[in-house]
1. What net charge is computed for the residues neighbouring residue 76, neighbours being all others with C-beta under 15 Å from the C-beta of residue 76, Lys and Arg scored +1, Asp and Glu -1?
2. I want the local charge near residue 6. Using Cβ-Cβ distances under 15 Å, sum +1 for each Lys or Arg and -1 for each Asp or Glu among the other residues.
3. Over the chain, with a Gaussian network built from C-alpha contacts below 10 Å, which listed residue (54, 31, 73) shows the highest mean-square fluctuation?
4. Just the Cα atoms of segment 36-86, one point each, no solvent: what log10 I(q)/I(0) does Debye give at q = 0.18 Å⁻¹?
5. Which is farthest toward the positive dipole end of the chain among 22, 50, 4, measuring Cα position about the Cα centre, with Cβ charges +1 (Lys, Arg) and -1 (Asp, Glu)?
6. Which one of 19, 57, 76 has the biggest mean-square fluctuation once the chain is modelled by GNM with Cα springs under 10 Å?
7. Quick one: length gained pulling residue 10 to residue 74 fully straight, 0.36 nm per residue minus the C-alpha distance?
8. Suppose every Lys and Arg Cβ carries +1 and every Asp and Glu Cβ carries -1, with no other charges. What dipole size does the chain come out with about its Cα centre, to the nearest 20 debye?
Amino acid sequence: MQKVVNQPELLGQVHQTLEQRYKNKLMRYGSYMLWQSILETFDNPELFKSLLLSDDERTANLRRETIFTGVLSEDERQQILSGLKG
């Protein structure tokens, strides 16, 4: 997630992906709202990362519906996820 924090211009693409997925009914309202609430903390990088990388079951499931497609490479995504397991 440091990549997004370091390059805030990427956030627009993340928001666009979120909106498209919700509009196309690829995401439930609860997931949409949870993603929205996480993205609203972007101005506080530590809180943003802690919410995004939380190890609770709901957030882990939410990450499967990643809205960072096209922003993070698969290698970057796997690196972040493997850091959660370690």
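The values are calculated or read from the model by the stated rules, or taken from the named source; none is laboratory data. Note that the coordinates shown come from a computational prediction; the quantities given were computed from them, not determined experimentally. Heads up, the Cβs are rebuilt from the backbone with ideal geometry, glycines too, and the neighbour counts pull from every protein chain shown. In case anyone asks, the SASA skips ligands and DNA or RNA and just uses the protein heavy atoms, side chains included. Shrake-Rupley method; radii C 1.70, N 1.55, O 1.52, S 1.80 Å.
1. Values: positive: 3, 49, 63, 77; negative: 74, 75.
The answer is +2.
2. Details: positive: 3, 49; negative: 9, 43, 46, 76.
That sum, taken over residues with Cβ under 15 Å, equals -2.
3. Among 54, 31, 73, the largest mean-square fluctuation in the Gaussian network model of the chain belongs to 73.
4. -0.60
5. 22
6. Top of the fluctuation ranking is 57.
7. Numbers: separation 64, 0.36 × 64 = 23.04 nm, distance 1.61 nm.
Going from the current span to full extension adds 21.4 nm.
8. Details: 11 positive and 12 negative charges, 74 e Å.
With Lys and Arg at +1 and Asp and Glu at -1, about 360 debye.
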